[in-house]
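All of the numbers you see were taken from the coordinates with simple rules; none came from a lab. What you see is a predicted model, and the numbers here were worked out from it, not measured in a lab. All Cβ positions, glycine included, derive from the backbone under ideal geometry; neighbour counts span all protein chains shown.
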Amino acid sequence: MYHSRYKGTHYKMGFRWGIRLLECGNYLLQNVPFPITEERIRFAAKCRPYYQQYFPEILEEIRGICEGQRIDTLQLEAILFSMYNIMPENKCSCFAFREGEHIILARNSDFLTLTEKLNMNCIYQFQDGFYSFLGNTTAFVEMEDGVNQHGLAIGLTSVYPKKIGFGLNAGMLLRYGLERCCTVAEFIQALKALPIASSQTFTVVDSQKMAAVIECNTDRVEVCYLDKAHPYLLAVNGFYLKGMKAYQVEGIDNWQAEERYQTIHTAFLQRREASAISFAMSTLGGAYGFLCQYDRKTGKDTVWSTIYDVGKGSIYRCEGNPSRKAFKEDRRFVI
């Protein structure tokens with residue numbers, strides 16, 4: 001996993017990263033695990049006006065990367081904007097719970113082993129008025145989980161789309177939340193106002209001890225809050241809330257999503273660990289059933305795991321499969 005720090009404006013951060021990669025002989029367009037088709041280019045062109053209206057800073061960062069790499073912005077936008085919509089692949093698991101001072105979001109990132117050496121852990125510190133954050137990604141500027149300076153932590157899981165719209169996709173929506181929102185409530189409000197292209201869930205916790213799972217697509221946003229009726233929350237690669245079930249696509253390869261969902265339920269019912277952090281680590285590592293035990297020969301695996309304890313201001317990350325590798329505390333970013 002690469003580790004990067006970015007400081008400055010969106011454009012400057014993008015340009016510095018792009019040119020640094022170029023100087024090292026790394027070319028972004030040569031490391032994309034799918035072809036940049038006309039379908040992707042057309043889709044990105046229809047989404048671009050929404051990025052210009054709602055998230056213009058990200059376009060500046062992409063422009064900076066492309067100028068540093070000396071590549072066409074349309075090519076990189078086609079890659080980034082079409083993700084989670086055309087040939088979606090990410091298959092991840094999230095859960096959240098509260099225990100004493102602990103407010104925990106835990107996540108396994110499941111993806112293709114082909115690209116695991118390109119995965120990135122990033123710290124962004126802005127000079128143009130946006131919130132600093134730490135995040136993890138397989139996709140350059142998009143983020144798949146992270147936490148910001150105010151203690152808002154978000155993790156996503158993709159859902160195979162029954163309906164695709166034009167707007168921001170899952171990884172961009174998550175990053176938007178980290179840069180602009182302080183609380184669960186603010187992030188939910190933002191999702192209800194933004195045009196959404198893809199289908200996904202967001203598991204989100206904040207330092208005010210709020211937590212929620214959000215299931216959403218281009219048509220709807222449904223929310224389940226952490227409360228007495230729901231003492232823990234979980235999400236995999238499907239819709240479970242009543243208002244979203246009509247958008248569930250059956251008969252696809254979702255990397256054993258229902259089995260992973262049931263494993264997390266089992267973990268909370270049969271919990272053996274006294275420590276909240278130890279419990280989260282054990283669950284992510286498959287101690288209660290199938291969650292990360294992929295056969296790498298198939299090209300699938302859990303490529304990183306994260307635990308954000310915003311109540312205690314702690315971050316733990318396993319850079320690889322948590323059934324084989326250890327979690328380490330990351331103290332570089334202050335929540």
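Against the chain, whose longest principal axis is taken from its Cα atoms, helix 38-54 shows a tilt of about 80°. Relative to the longest principal axis of the Cα atoms of the chain, the long axis of helix 56-69 makes an angle of roughly 60 degrees.
The slack in the chain from residue 258 to residue 128, taken as 0.36 nm per residue of separation less the alpha-carbon distance, amounts to 42.6 nm.
The lysines whose alpha-carbon is closer than 21 Å to the alpha-carbon of residue 245, local same-chain residues fewer than 8 away aside, are 91, 162, 163, 192. Here the Kirkwood formula, the inverse mean of 1/r across different C-alpha pairs, assigns segment 2-82 a hydrodynamic radius of 13.1 Å. A convex hull fitted to the Cα coordinates of the chain yields 124 cubic angstrom per residue. In a fully extended conformation the segment linking residue 45 and residue 228 would gain 61.4 nm over its present Cα-Cα distance, using 0.36 nm per residue. Relative to the longest principal axis of the Cα atoms of the chain, helix 10-23 runs at roughly 80 degrees.
Cβ-Cβ distance of residue 265 and residue 245, R₀ of 22 Å, FRET efficiency by 1/(1 + (r/R0)^6): the value works out to about 0.80. Taking 93, 278, 198 in turn, the Gaussian network model of the chain (Cα-Cα springs below 10 Å) assigns the largest fluctuation to 278. Return the single residue from 231, 33, 49 with maximal mean-square fluctuation; model: Gaussian network over the chain, springs between Cα atoms under 10 Å. Comparing 231, 33, 49 in the GNM, the peak value goes to 33. Of all the options 320, 135, 299, the one that moves most in a Gaussian network model of the chain with Cα springs shorter than 10 angstrom is 299. Considering every alpha-carbon pair of segment 149-278, the percent of pairs per 10 Å bin, from zero through the bin containing the longest distance, is 12, 42, 34, 11, 1.
I'd like the chymotrypsin sites (Phe, Trp or Tyr not before Pro) in segment 262-328 restricted to DSSP loop residues with at most 13 other Cβ atoms within 10 Å, sorted by number. Passing both the DSSP loop test and the Cβ count: 290.
Given the Cα-Cα distance of residue 312 and residue 297 and 0.36 nm per residue of separation, how much length would full extension add, in nm? In short, 1.6 nm is gained.
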